[in-house]
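Below is one structure, written out as structure tokens; comments come after it.
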Amino acid sequence: MWVRSTLAYRTSFVMTAVGNFAASGLDFVAIMLMFSQIDTLGGFALPEVALLYGTSSSSLGLADLLLGSMSRLGQRIRDGTLDTLLLRPVPVFAQVAADRFALRRLGRITQGVLVLGWSLPQLDVAWTAGRILLVPLMVLCGAAIYGAVYTAGAAFQFWAQDAAEVQNSFTYGGNAMLQYPPTVFSKELVRGVTFVIPLAFVNWLPALWLLGRPDPLGLPGWVAFLGPAVAGVMGAGAGLAWRYGLRAYRSTGS
């Protein structure tokens, strides 16, 4: 329904999608301006940073397209409109995810994919079948990890009721961090996004293996291939949190 309503005004859709494309692209413009003054950032050249940027932005774009509406759950809890969703013979999770589905978010995905496509031929990498397959796997696993964060953040709102910004700090904030090399951050922060909230598996760890770079924490090389397992564990944990939060919901009370 939301897709049809969006496409009913095609000019408006194109303008908003282009605006989304341009707004998200400003992040990479800032990176290019930075590299107009320097040759490397934390030991990484522009194509290598573009790889990090492209994979993280594409992953977040996919997750944001499918689950970005989860951030509005707190408003539904506060005004009591979540009760309406409970009466319908459709999973509440699917209804919340599809609420005001914004097709304009394709602009972010397109922009991230374009940067990623530009970076790959520029990299000094001996491309093998395994390395080629690793790139789309990074994007898909990263989207699943971001999706788990969206879901866990939405589940937290059953108790907090106004935690959208907390959720955004881990999704959009995490995306902003993962666009830069891990070597520019402190080891404490790198440990936090590796072992506590494992956003490093979105692109840092597999990209380091792909580029032949040493891990700043000294982790073994096989850790780079744990993305699917991490995404599965995070997805399962987020799903349990969602079910528990939904069962604990007692309406707005107002």
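Observations
- Pairs are defined by a Cβ separation below 7 Å, a sequence spacing of at least 6 or placement on different chains, a first member in region 65-93 that is under 28 Å from residue 108 (Cα atoms), and a second member that is of a type outside the set (Gly, Ala, Ser) and assigned to a loop (DSSP other than H, G, I, E, B); the pairs so defined are 69/99; 69/100; 69/101; 72/99; 74/161; 74/162.
- Residues that are farther than 19 Å from residue 200 by Cα, of a type in the set (A, V, I, L, M, F, W, C) and under 17 Å from the mean Cα position of the chain (by Cα) within region 27-65 comprise 28, 65, listed in sequence order.
- Single match in 25, 61, 54, 43 (criterion: under 30 Å from residue 121 (Cβ atoms) and exposed (fewer than 12 other Cβ atoms within 10 Å of the Cβ)): 43
- Residue 117 meets all of the listed conditions (1) out of contact with any Phe, Trp or Tyr (no Cβ under 9 Å at 6 or more places or on another chain); (2) surrounded by 14 or more Cβ atoms within 10 Å (Cβ to Cβ); (3) in contact (Cβ under 8 Å) with a residue 60 or more places away in the chain but one, namely (2).
- Residue check for residue 143: touching a Leu at 6+ places or on another chain (Cβ under 6 Å) and either within 23 Å of residue 74 (Cβ to Cβ) or crowded, with 21+ Cβ neighbours inside 10 Å (or both): yes
- Checking 189, 199 one by one, the residue that is buried (at least 21 other Cβ atoms within 10 Å of the Cβ) and either of a type outside the set (Gly, Ala, Ser) or farther than 16 Å from residue 235 by Cα (or both) is 199 and no other.
- Sole residue being touching a Leu at 6+ places or on another chain (Cβ under 9 Å), surrounded by 16 or more Cβ atoms within 10 Å (Cβ to Cβ) and not in a helix (DSSP H, G or I), chosen from 135, 125: 125
- Figure legend. Inter-residue proximity from region 238-252: first residues farther than 12 Å from residue 93 by Cα, second residues acidic (Asp, Glu), beta-carbon distance below 7 Å, spacing 6+ or different chains. Indicated pairs: 251/83; 252/79.
- Enumeration of residues in region 78-109 that are buried (at least 20 other Cβ atoms within 10 Å of the Cβ) and in contact with an Asp or Glu (Cβ under 9 Å, 6 or more places away or on another chain): 105, 108, 109
- Helices (runs of 4 or more DSSP H) enclosed by region 32-122 - at least 1 residues per element that are more than 24 Å from residue 4 (Cα to Cα): 46-67, 73-79, 82-86, 106-122
- Taking each residue of region 175-191 that is touching a residue at least 12 places away in the same chain (Cβ under 8 Å) and looking for partners that are part of a helix (DSSP H, G or I) and among the β-branched types (Val, Ile, Thr) with beta-carbon atoms closer than 7 Å, six or more apart or interchain, yields 180/49; 181/49; 182/190.
- Selected residue (criterion: surrounded by the most Cβ atoms within 10 Å (Cβ to Cβ)) from residues of region 237-254 that are over 13 Å from residue 155 (Cβ atoms) and of a type outside the set (Lys, Arg): 252
- Failed condition for residue 155, given (1) farther than 29 Å from residue 72 by Cα; (2) part of a helix (DSSP H, G or I); (3) more than 16 Å from the chain's Cα centre (by Cα): (1)
So that you can scan it fast, the table gives a plain yes or no per residue for (1) farther than 20 Å from residue 135 by Cβ; (2) in a helix (DSSP H, G or I):
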| residue | (1), (2) |
| --- | --- |
| 173 | yes, yes |
| 188 | yes, yes |
| 193 | yes, yes |
| 200 | no, yes |
| 206 | no, yes |
| 210 | no, yes |
| 213 | no, no |
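Only the coordinates and a few stated rules stand behind these numbers; no lab work does. Computed from a predicted model, the values in this text were never measured in an experiment. Don't worry about glycine lacking a Cβ; one is built from the backbone with ideal geometry, like all the others, and counts go over all protein chains shown.
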